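The values are calculated or read from the model by the stated rules, or taken from the named source; none is laboratory data. What you see is a predicted model, and the numbers here were worked out from it, not measured in a lab. So basically every Cβ, Gly included, is an ideal-geometry build from the backbone, and we count neighbours across all protein chains shown.
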Amino acid sequence: MILVFTIVQAVVAAAAAVVCVVLGLANRKPSDLTLGALALVEALLIAQLVIALVAPALGNPSRGSVVEFYVYLITALAIPPLGIVWALIERTRWSNVVLGIAGFAVGVMVVRMYQIWALQIA
Amino acid sequence: MPVTEQPRASTASPRRRGAGVGRVLVAVYAILALAALGRSIFQIVDRFDEAPAAFLFSLLAGVVYVIATVALAARWRRLAWATISLELAGVLVVGTITVFAPHLLGLHANDPFGRTATVWSTYGAGYLGIPLVLPVLGLLWLARSRVAKD
């Protein structure tokens with residue numbers, strides 16, 4: 001993993017979470033903005049997957065458990081699509097809050113993934 | 001789900017409000033279930049010998065979260081009461097053991113972020129305390145939504 005890209009990912013995920021939760025609590029239904037925010041989080045995760053696949057060949061191998069890293073990454077990849085499908089099926093303001101929770105969870109997982117890759121704190 | 005959403009919205013707005021918060025609870029539970037189950041299965045496969053008792057508790061926690069998620073989503077109130085109460089008991093008991101007597105679970109040290117950490121270690125500190133707060137919110141929601149229905 002690359003530290004700067006990880007920070008960008010975590011910040012985008014956190015910002016998406018805040019926007020979605022605030023709009024949800026402000027009585028807004030899911031919109032292009034909130035769904036798009038989660039789509040952006042997902043796009044960055046896909047970029048992360050590509051980086052993780054290529055990085056070891058470029059002299060940046062994982063210091064921690066590769067299996068644990070990919071368990072996190074694959075789980076994280078599933079979360080934004082599930083949130084988006086949820087929001088498309090149930091078009092209430094609470095779905096925006098759900099999208100926010102999804103974004104928050106991905107942000108936390110990205111940080112954990114970096115810990116596993118670079119520091120192996122678990 | 002839009003099919004069931006509309007009639008409910010037109011009949012009783014207070015109930016719909018409670019139902020909405022309930023959906024958010026379901027989402028948080030689903031993610032915690034994923035976190036607890038995924039982590040414990042990985043720990044059991046990768047390093048079961050290091051702390052078997054702690055990992056089995058973690059697996060139990062994961063299974064309970066999955067059942068609680070389904071019970072909340074399907075509105076099986078009795079099962080939701082049972083599983084969420086069990087969670088609260090679990091996080092309090094395991095949290096207390098990990099803080100005051102980690103050796104009882106075969107743990108050498110109490111580190112909520114360590115290799116042998118579980119969802120309930122140190123009252124869920126490794127998960128931002130969510131495992132401690134969530135069952136309380138869940139029980140409050142179950143109690144309130146029943147009042148709203150009566």
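Among the candidates B:Leu132, B:Leu56, the residue that is more than 14 Å from every other protein chain (Cβ to nearest Cβ) and either more than 14 Å from the chain's Cα centre (by Cα) or farther than 25 Å from B:Arg23 by Cα (or both) is uniquely B:Leu56. For A:Arg63, indicate whether it is basic (Lys, Arg) and more than 12 Å from chain B (Cβ to nearest Cβ). Answer is yes for this residue.
The residues on offer are A:Leu82, A:Leu77, and the sole one that is more than 10 Å from chain B (Cβ to nearest Cβ) and either touching a Leu at 6+ places or on another chain (Cβ under 8 Å) or under 18 Å from B:Ala35 (Cβ atoms) (or both) is A:Leu77. Within the set B:Gly129, B:Gly95, B:Gly62, the sole residue that is surrounded by 19 or more Cβ atoms within 10 Å (Cβ to Cβ) and either in contact with a His (Cβ under 7 Å, 6 or more places away or on another chain) or within 17 Å of B:Ala30 (Cα to Cα) (or both) turns out to be B:Gly62. When A:Glu90 is tested against (1) more than 7 Å from chain B (Cβ to nearest Cβ); (2) without any contact (Cβ under 8 Å) to a residue 24 or more places away in the chain; (3) buried (at least 18 other Cβ atoms within 10 Å of the Cβ), only condition (1) is not met.
One residue alone among B:Arg39, B:Arg47 is crowded, with 17+ Cβ neighbours inside 10 Å, among the basic types (Lys, Arg) and either more than 21 Å from A:Gly64 (Cα to Cα) or within 14 Å of another protein chain (Cβ to nearest Cβ) (or both), and that residue is B:Arg39.
Could you please let me know if B:Leu56 is in a helix (DSSP H, G or I), without any contact (Cβ under 8 Å) to a residue 40 or more places away in the chain and either out of contact with any strand residue (DSSP E or B) (no Cβ under 6 Å at 6 or more places or on another chain) or within 17 Å of B:Pro135 (Cβ to Cβ) (or both)? The answer is yes for B:Leu56.
Within the stretch A:101-121, the presence of at least one residue that is more than 8 Å from chain B (Cβ to nearest Cβ) and charged (D, E, K, R) is confirmed.
For A:Leu45, the conditions (1) at pLDDT 95 or above; (2) more than 22 Å from B:Leu34 (Cβ to Cβ) are fulfilled apart from (2). Within the stretch A:41-62, residues that are free of Cβ contacts under 8 Å to residues at least 60 places away in the same chain and within 10 Å of A:Leu77 (Cα to Cα) sit with their Cβ atoms under 8 Å from residues that are exposed (fewer than 15 other Cβ atoms within 10 Å of the Cβ) and of a type outside the set (A, V, I, L, M), at 6+ positions apart or across chains, in these pairs: A:Glu42/A:Pro81. The selection criterion, being within 24 Å of B:Arg146 (Cβ to Cβ) and assigned to a helix (DSSP H, G or I), holds for B:Leu86.
Would you check if B:Arg47 is among the basic types (Lys, Arg) and over 19 Å from B:Leu134 (Cα atoms)? It is true that B:Arg47 is among the basic types (Lys, Arg) and over 19 Å from B:Leu134 (Cα atoms). Within the stretch A:30-63, being crowded, with 17+ Cβ neighbours inside 10 Å and of a type in the set (Gly, Ala, Ser) holds for A:Ala37, A:Ala52, A:Ser62. Can you report the number of residues in the stretch B:31-52 which are touching a Leu at 6+ places or on another chain (Cβ under 8 Å) and more than 17 Å from B:Gly90 (Cα to Cα)? The number of residues fulfilling the criteria is 3.
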